[in-house]
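Engineer: For reference, the structure I am asking about is given below.
Please treat every number below as a calculation from the coordinates, not as lab data. Bear in mind that the values here come from a model prediction, so they are computed numbers and not experimental data. Methodologically, a virtual Cβ is constructed for each residue, glycine included, from the backbone with ideal geometry; neighbour enumeration extends over all protein chains shown.
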Amino acid sequence: MDQPELDVEACVARVRDGDEDAARCLMEHLHPLVVKIVRAHLPRRTAEEDLVQAVFAKVFTRLDQFRGEVPLAHWVSRVAVNTCFNELNRERVRPELRHADLSETESEIIQNLAADTGEVPAAQALEAREIVEKLLADLSPADRLVITLLHLEGKSVEDIRVITGWSTPLVKVRAFRARQKMKQRLKSLLRENHP
Amino acid sequence: MSHIDRNLDRLLRAAAKAPRPEPAELSYATQMRTLAAWRAARAANAEFGPLYAWRTGLATAFGTAVLAVGLSFAASRNIDADVNDPYVVSDPGFAVAMSTGWLP
């Protein structure tokens with residue numbers, strides 16, 4: 001059975017007054033959005049639930065700063081992305097990816113890429129994602145964020161500007177540099193595969 | 001477009017198509033922990049908010065009092081200025097403001 005539509009504005013007003021039932025309703029309403037963002041930007045050594053909780057804690061304590069100029073979901077997205085970004089910043093060790101770190105299927109994907117045999121089969125999408133995650137883990141948080149938003153979530157430069165608060169030229173420059181770094185990493189993986 | 005560019009694009013396209021698991025239900029534990037953290041933050045705010053406002057108010061009042069005493073002292077020194085000077089500024093407050101550079 002479908003849940004009745006939540007009156008977000010009224011709910012936010014009640015949360016601002018300290019109503020915990022309203023806070024619970026708002027959490028349930030926003031949970032799918034927050035989980036989606038957290039999963040896309042989750043640092044490798046952080047538990048998903050811990051980060052979800054950190055995002056909600058920030059949303060509730062900063063709700064007074066929400067002026068309603070943008071939809072609540074946009075504002076919450078920004079809080080969630082920034083929380084993940086800060087968490088990624090804390091993750092200082094970024095090990096370089098070696099070919100030996102890849103699983104058998106991942107290695108096969110790299111071999112196929114090297115052989116230039118067309119698109120990666122849909123059945124190997126999960127492994128492709130895993131390789132990309134491993135390549136991203138090697139990048140700085142800002143580079144990782146911009147590649148995830150641009151290439152994996154299909155966001156536009158304008159969307160990224162709104163979410164991150166960076167200027168349009170900065171988004172473009174970061175995307176370009178991040179891509180260059182990924183290319184370098186992928187090139188060395190391919191070279192290891194076909195010396 | 002270089003060979004490595006094409007390879008990276010193919011990899012990214014495939015990764016973007018990877019199915020994502022459906023978000024699990026919001027667990028009761030997460031809900032409770034979040035609400036507890038929020039409650040603690042509100043309690044801290046309620047405790048320190050008025051105290052902070054009171055301290056800020058006190059500091060502002062003290063600053064204003066010191067400034068007022070300083071201004072009136074400076075004005076009282078200038079009130080006996082040369083009365084024969086045709087260019088003397090008659091308003092002591094204005095004179096202080098001029099001398100301290102508050103007015104252009």
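Engineer: Kindly indicate which of A:Glu119, A:Glu108 is over 18 Å from A:Glu87 (Cβ atoms) and more than 10 Å from chain B (Cβ to nearest Cβ).
Structural biologist: Of A:Glu119, A:Glu108, the one residue that is over 18 Å from A:Glu87 (Cβ atoms) and more than 10 Å from chain B (Cβ to nearest Cβ) is A:Glu108.
Engineer: A further question on this structure: Quick one: is A:Val52 out of contact with any strand residue (DSSP E or B) (no Cβ under 7 Å at 6 or more places or on another chain), under 23 Å from A:Glu130 (Cβ atoms), among the aliphatic types (A, V, I, L, M) and facing another protein chain (nearest Cβ under 10 Å)?
Structural biologist: Yes: the conditions hold for A:Val52.
Engineer: Ok, one more. So which residues in region B:14-57 are closer than 18 Å to A:Glu130 by Cα and either loosely packed, with under 13 Cβ neighbours inside 10 Å or more than 7 Å from chain A (Cβ to nearest Cβ) (or both), if there are any at all?
Structural biologist: If the condition is that a residue be closer than 18 Å to A:Glu130 by Cα and either loosely packed, with under 13 Cβ neighbours inside 10 Å or more than 7 Å from chain A (Cβ to nearest Cβ) (or both), then B:Pro19, B:Arg20, B:Pro21, B:Glu22 are the ones that fit.
Engineer: Can you say whether A:Val157 is among the β-branched types (Val, Ile, Thr) and either touching an Asp or Glu at 6+ places or on another chain (Cβ under 6 Å) or facing chain B (nearest Cβ under 10 Å) (or both), as far as the supplied structure shows?
Structural biologist: Judged against the criteria, A:Val157 is not a match.
Engineer: Test A:Ala57 against the stated conditions and say whether it is within 14 Å of chain B (Cβ to nearest Cβ) and in contact (Cβ under 8 Å) with a residue 12 or more places away in the chain.
Structural biologist: For A:Ala57, the condition - within 14 Å of chain B (Cβ to nearest Cβ) and in contact (Cβ under 8 Å) with a residue 12 or more places away in the chain - is not met.
Engineer: Out of all the residues in region A:153-186, which are of a type outside the set (A, V, I, L, M, F, W, C), assigned to a helix (DSSP H, G or I) and either touching a Pro at 6+ places or on another chain (Cβ under 6 Å) or free of Cβ contacts under 8 Å to residues at least 24 places away in the same chain (or both)?
Structural biologist: A:Glu158, A:Asp159, A:Arg161, A:Thr168, A:Pro169, A:Lys172, A:Gln180, A:Lys183, A:Gln184
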